[in-house]
Amino acid sequence: MAATDDLRKELDKLKADLARLRADTSEVTRTLRELGNEKLDDVRGSAHEEFQRGRRILRRGVEAGQERGRRAKEEMEEEIGAHPFASVFAAVGAGFILAKLLDIATRR
């Protein structure tokens with residue numbers, strides 16, 4: 001009987017150890033999940049900040065390009081207004097040259 005009681009005590013102790021191990025494993029899993037979520041939130045925040053920074057840079061570049069285009073258009077309008085006949089002759093000449101180049105390219 002003593003052997004059976006000792007065996008039963010060992011079995012109960014083993015069951016208790018197994019229950020503690022399950023609880024510890026569950027706690028470790030929960031902690032790792034929380035740490036992973038925190039890290040994921042940090043990465044998401046950093047990615048969002050970098051995206052916004054890139055977006056601002058792109059927006060500034062687009063605005064600068066639009067401004068340069070607007071200035072170039074105004075300058076061209078001023079030049080055409082100052083020299084209308086020269087502008088017409090230049091356009092006709094450029095059209096003639098382009099037509100000749102295209103005609104040569106289609107003959108090949």
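Only one entry in Ala94, Ala105 is small (Gly, Ala, Ser), at pLDDT below 90 and over 42 Å from the mean Cα position of the chain (by Cα), namely Ala105.
The C-beta contact set for the stretch 19-41 (first residue surrounded by fewer than 10 Cβ atoms within 10 Å (Cβ to Cβ), second residue outside any helix (DSSP H, G or I) and among the polar types (S, T, N, Q), distance under 7 angstrom, 6+ apart or interchain) is empty. Can you spot a residue in the stretch 1-9 that is over 36 Å from the mean Cα position of the chain (by Cα), surrounded by fewer than 10 Cβ atoms within 10 Å (Cβ to Cβ) and not in a helix (DSSP H, G or I)? Scanning the stretch 1-9, I find at least one residue that is over 36 Å from the mean Cα position of the chain (by Cα), surrounded by fewer than 10 Cβ atoms within 10 Å (Cβ to Cβ) and not in a helix (DSSP H, G or I), so the answer is yes.
The values are calculated or read from the model by the stated rules, or taken from the named source; none is laboratory data. The model shown is predicted, which means the values in this text are computed figures rather than measured ones. Because the Cβ atoms are built from the backbone with ideal geometry, glycine has one as well, and the counts that use them run over all protein chains shown.
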